[in-house]
Amino acid sequence: MDWAFATRFQADRDLVVMDGMRTVPIDPSLMGSRVGAKAGFDLTWPPGAASRLEMRVPEPPRLDGKRFPSIEAALADGPKFFEELMGAVGSRDGREIVRELEALRAKITLDRDADGRYLIKSQ
């Protein structure tokens, strides 16, 4: 069902809400009432729609650019956005970038420029 929500559901077109519906009396949100609202989700495709859809898994983003042995070396080359730092050292998810930036903050003065790029601040 989660997959169908993620790939077929548009709230403005596929959500149905009805009030005045019989409910289970143990529902505490009813505050003693025996009727309430129900929601329905149309997760179906129209007949024949599946054959018109191209199903493919998107490629992950490719981070091209110069490679460096470390974040410090990449920043010595000039200001970089976080995703450029990821590409500079070949990171897949950025976790080690965060750790290395924290270690660099204790060693050198890091800053961000007006565009949000990381840089080594001149002393």
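Quick look at the values:
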| quantity | calculated |
| --- | --- |
| Distant-in-sequence amide H partners of Leu110 (H built 1.01 Å from N, under 5 Å) | Lys121 |
| Carbon and sulfur %, accessible surface of the chain computed with the full protein complex present, 1.4 Å | 54 percent |
| Phi-based couplings in Hz for segment 107-113 (Karplus 6.51, -1.76, 1.60; Gly and Pro marked x) | 9, 10, 8, 9, 8, 10, 7 |
| Rounded accessible area per residue of the chain, 1.4 Å, Å² | 79 Å² |
| Gain upon complete extension [Leu119, Asp27; 0.36 nm per residue less C-alpha separation] | 27.6 nm |
| Per-residue HN-Hα couplings for segment 6-22 [Karplus 6.51, -1.76, 1.60; θ = phi - 60°; Hz; x = Gly/Pro] | 6, 10, 10, 8, 10, 4, 5, 10, 10, 9, 10, 10, 10, 9, x, 8, 5 |
| Residue-level accessible surface for Thr7, protein heavy atoms, 1.4 Å, Å² | 60 Å² |
| Accessible area in the full protein assembly, largest first, 1.4 Å probe, for Met18, Met86 | Met18, Met86 |
| Option label - semi-axes √(5λ) of the Cα gyration tensor in Å computed here, alternatives [x] 25, 17, 12; [y] 115, 7, 7; [z] 51, 24, 12 | [z] |
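The values are calculated or read from the model by the stated rules, or taken from the named source; none is laboratory data. All of these numbers come straight from a predicted model, not from anything done at the bench. Each accessible area value is taken on the protein alone, full model and side chains, heavy atoms only, with ligands, DNA and RNA left out. Shrake-Rupley method; radii C 1.70, N 1.55, O 1.52, S 1.80 Å.
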